Amino acid sequence: MGKQSTATRQQNRRAILDGALAGVISAGVLFAVAQLVAAFFGPVASPLTSVGSTFIDFTPKWMKNFAIATFGTNDKMVLLISMTIAAALLAAAAGVVARKSLKAGSAMVLGFAVVMALCIITRAGASIFDLVPLLLGTAAGLWALRYLTPPSKVKPHPADTPVNTSPAAAAQPVPDTGPSRRSFILRSAALAGIAVVVGIGGTVLATTRNAVNTVREALKLPTPKTKAAALPAGVQAPVEGVTPFVTPNADFYRIDTALIVPEIDPSSWKLRVHGMVEEEFTMDFDELLASELIESYVTLTCVSNVVGGNLAGNAKWLGFPLREVLARAKPKDGADMVLSTSIDGFSASTPLPVLQDDRNAMLAVGMNGDPLPLDHGFPVRMVVPGLYGFVSATKWVVDLEVTTFAEKAGYWTSRGWSSHGPIKTASRIEVPRALGRVPAGKVSIGGSAWAQTKGISKVEIQLDGGAWQVAQLADEASVDTWRQWSYIWDNAPAGTHKVRVRAYDADGELQIEQQAPPEPDGSTGWHSITFNVT
Ligand SMILES: Nc1nc2c(c(=O)[nH]1)N[C@H]1C(S)=C(S)[C@@H](COP(=O)(O)O)O[C@H]1N2
Ligand SMILES: [Mo]
């Protein structure tokens, strides 16, 4: 009896492992086929993309904050990996159940498919046809599950169970009424191989079909009517290691909810301007480029930036003033907000007056002399000096609705963040690095400060809790950009030191000392670091 149950247990364990493997491979087949077919549809048609994006939209606030704080801009990679693990576990469960009852296992797969269908169909811009890849994928996945699941077997008669449990005997195949072990392995390997090839093929096909990058590279942007003023020679603080004053496009921070970057061919781009306006209109890309473009340096900042954080970047933007767009639309009395919407459904609420005043809020097409990178909103995004990105900097923008704060809310506002987001005055220490080591003697300290639309008038630092001392300001490029500062500590003694920084805007207003987290409308607090002089 004991001997028999050892064999049965072993058989059960193997059935579970085989079932799990069959489930995972079937899921692989499902996603691979769906991915291949999705190459002929829009990105929302890919179940992977739509499920991931839906997950991002429903991510609780604390988890979003945690993900950005912990993984920074790797947060999407982490999401993809966690989703893959979760999907594999669910698929394995379905495979194990299918061994007991193919019907029940298949029903589980169908259940997952329904959830994925809901994710797809509720994406912005999705149509019923976007379900085709999932449908075909699910059919293939169900077939694979059946192919890998032995026909339900008659419970082996106790007499059939091997009684010899010596290690050699235990390793021998246990008789099965279904396909033999070898046939199962062969089938699994074949299907896994096919899934990998089809999945990779589908992904490659999707990227070559979307040749938007090629279009972007060939695009020649017009020269602006009004060029940005040349940068003063001294915008860069004379301290080695401080951030470059102009952030190269490749290093510019990226924050968005897009799992797959939208790929918009400029020839199909249109901006719809509507809502509480005298004159609704749409504008295409050629019309935008033919308009009188301006150029200006603006420092973008993310509301999720923590004290001392690096979710800020400074670029020379080329674009068309939103002031002019709105002058053409003629907003009606009572309107106080413009809701800008991206092709992927993200939206931002920007106060109407901010887009009409003389700051250079624009529909940007160029970034540091190049067309916008795909990641940063190609072909058109908004850039609004003085407001955090979540209420102003809509990338891949396709729709401007003149409305009211009472009537509408942007993407993050409906998820607990503020409806308004003026950038708070901030300063940070970039050199020395936190916990870094520097040689004794002359120690250079430096960093950046910003108070967009006002400008920075003074930066002070405090060493080891002593008196606040005025730092040297680098030249100001414009009130819309950050400003660098530096301080030379002449005789730094060996040991651990603490430095703090604080900035004043052009009105003489001191940066807020009170520590506050990013949520709901931007962090506050004076940045401090410790470093070692050796
Ligand atoms: N379409 C779209 N636009 C978006 C976002 C987004 O999630 N989707 N995020 C906004 C936020 S929160 C910020 S801080 C800026 C970041 O712009 P960047 O990625 O070019 O630095 O884009 C804004 N525009
Ligand atoms: Mo942001």
| remark: The helix 132-148 Cα axis meets the longest alpha-carbon principal axis of the chain at an angle in degrees, between 0 and 90 and rounded to 10, of 40
| message | Rounded to two decimals, what is the ratio between the C-alpha radius of gyration of the stretch 1-152 and 2.2 N^0.38 Å? | response | 1.21
| message | Please compute the alpha carbon radius of gyration of the chain, then divide it by the globular-protein estimate 2.2 N^0.38 Å. Two decimals is fine. | response | 1.23
| said: Suppose the Debye formula is applied to equal point scatterers at every Cα of the stretch 12-98; what is log10 I(q)/I(0) at q = 0.15, 0.21 Å⁻¹? | reply: -0.70, -1.00
| query | Reachable lysines from Lys498, Cα under 21 Å, same-chain residues fewer than 8 places away excluded? | reply | Lys442, Lys458
| Against the rule of thumb 2.2 N^0.38 Å, how large the Cα Rg of the stretch 426-533 comes out | 1.08
| What full-extension length gain, to one decimal in nm, is calculated for Asp333 and Leu110 as 0.36 nm per residue of separation minus the Cα-Cα distance? | 75.1 nm
| said: Defining a contact as two alpha carbons under 8 Å apart and six or more residues distant in sequence, what relative contact order in percent does the stretch 451-527 show? | reply: 32
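What accessible area per residue comes out for the stretch 1-135, rounded to a whole number of Å², with a 1.4 Å probe? Walk me through the numbers on the way to the answer.
On the way: 7150 Å² over 135 residues.
About 53 Å² of surface per residue is accessible.
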| query | When only C-alpha pairs under 8 Å and at least 6 residues apart count, what is the relative contact order of the chain, in percent? | reply | 13
| remark: All alpha-carbon distances of the stretch 176-279, grouped into 5 Å bins from 0, give the whole-percent distribution 2, 7, 7, 9, 12, 11, 11, 10, 7, 6, 5, 4, 3, 2, 2, 1, 0
| Only Lys, Arg (+1) and Asp, Glu (-1) charged, at Cβ; the stretch 249-415 dipole about Cα centre in debye | 460
| Top positive-direction residue, dipole computed over the stretch 426-533 with Cβ charges, set Tyr504, Ala467, Pro518 | Ala467
| remark: In debye to the nearest 20, the charge dipole size for the chain, taken about the Cα centre with +1 at each Lys and Arg Cβ and -1 at each Asp and Glu Cβ, equals 2980
| Expressed as a whole percentage, what fraction of the accessible surface of the chain belongs to carbon and sulfur atoms when a 1.4 Å probe is rolled over the protein heavy atoms? | 60
| Among Asn314, Gly369, Ser414, which residue has its Cα positioned farthest towards the positive end of the charge dipole of the stretch 249-415, with +1 placed on the Cβ of Lys and Arg, -1 on the Cβ of Asp and Glu, and the dipole taken about the Cα centre? | Ser414
| task | Measure nothing but the geometry: give the 0 to 90° angle between the long axis through the Cα atoms of 61-71 and the longest principal axis through the Cα atoms of the chain, rounded to 10°. | result | 80
| query | Can you list the aspartates and glutamates whose alpha carbon sits under 14 Å from that of Lys332, skipping same-chain ones fewer than 8 residues off? | reply | Glu278, Glu279, Glu280, Glu401
| note | Taking the dipole of the chain about the Cα centre (Lys, Arg +1; Asp, Glu -1; charges at Cβ), the one of Ala140, Ala449, Thr350 that reaches farthest to the positive side is Ala140
| What nm value, rounded to one decimal, do you get for the distance between Ala218 and Glu278 when each label is placed 7 Å out toward the C-beta? | 4.1
| query | In straight Cα distance, which lysines are under 19 Å from Lys76, not counting same-chain residues fewer than 8 positions off? | reply | Lys61, Lys64, Lys395
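Taking 25 Å as R0, compute the FRET efficiency from the Cβ-Cβ separation of Val470 and Asp490 and round it to 0.05.
0.95
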| note | Expressed to two decimals, the stretch 228-324 has a Cα Rg over Rh, using the Kirkwood radius, of 1.04
| note | At q = 0.17 1/Å the base-10 log of I(q)/I(0) from the Debye formula over the alpha-carbon atoms of the stretch 249-415 is -1.00
| Angle, helix 2-38 long axis vs. longest principal axis of the chain, Cα atoms, 0 to 90°, nearest 10? | 50
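The values are calculated or read from the model by the stated rules, or taken from the named source; none is laboratory data. Remember, it's a predicted structure, so these values are computed and weren't measured experimentally. Virtual Cβ from ideal backbone geometry, glycine too; neighbours counted across all protein chains shown. Side chains included, ligands, DNA and RNA excluded: accessible areas come from the protein's heavy atoms. Shrake-Rupley method; radii C 1.70, N 1.55, O 1.52, S 1.80 Å.
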